[in-house]
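Report on the structure given below.
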Amino acid sequence: MRTQLQIHFHGIDTSPALEASIREKSNKLEQFHPNVTSCRVVVQRPHNHKQQGEEFLVSIDVSVPGGNIVANQARRQDVHVALRDAFFAARRQLDEHARRLRIDAKRRFEPRPIDASPDVAAVDRAADALPFASA
């Protein structure tokens, strides 16, 4: 893996299984964008709500040339589900970013159509309008 991975836990204990899952999912992000330079994953448990239960918030910050991608909307009661949803959102955003780069590159290197000069177009229309000109 070429990317620099940073994993941070806030409000929960570090888990080797969770870290392994994060490493595996971050390696898969490189399939969707080959130039991922860094990935920062933060797993946190913001507050202990007695009525709603525990919620985990996973935020992912991925750096690529030309921009940063942030996916931080994964707030779930299961940390693995929150992790899955956050990486899915990051993957979608990376795929969209790579698609935009491909479209921009394609537009940059497309040959531009050569327009006929106005004089030639006017002559062609005038020749078509003549009633006695037949080929």
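Could you give me the residue pairs with C-beta distances under 7 Å whose first residue belongs to the stretch 4-25 and is open to solvent by less than 40 Å² (accessible area, probe 1.4 Å), whose second residue is part of a loop (DSSP other than H, G, I, E, B) wherever it lies, and which are 6+ apart or on separate chains?
Correct list of pairs: 12/45.
Anything in the stretch 1-28 that is of a type in the set (S, T, N, Q) and in a helix (DSSP H, G or I)? List them, or say none.
21, 26, 27, listed by residue number.
When residues of the stretch 20-47 are filtered for being touching a strand residue (DSSP E or B) at 6+ places or on another chain (Cβ under 6 Å) and among the charged types (D, E, K, R), how many remain?
2
The values are calculated or read from the model by the stated rules, or taken from the named source; none is laboratory data. Everything numeric in this text was worked out from a predicted model, so none of it was measured. Because the Cβ atoms are built from the backbone with ideal geometry, glycine has one as well, and the counts that use them run over all protein chains shown. What goes into the accessible areas is simple: the full protein's heavy atoms, side chains included, and nothing from ligands, DNA or RNA. Shrake-Rupley method; radii C 1.70, N 1.55, O 1.52, S 1.80 Å.
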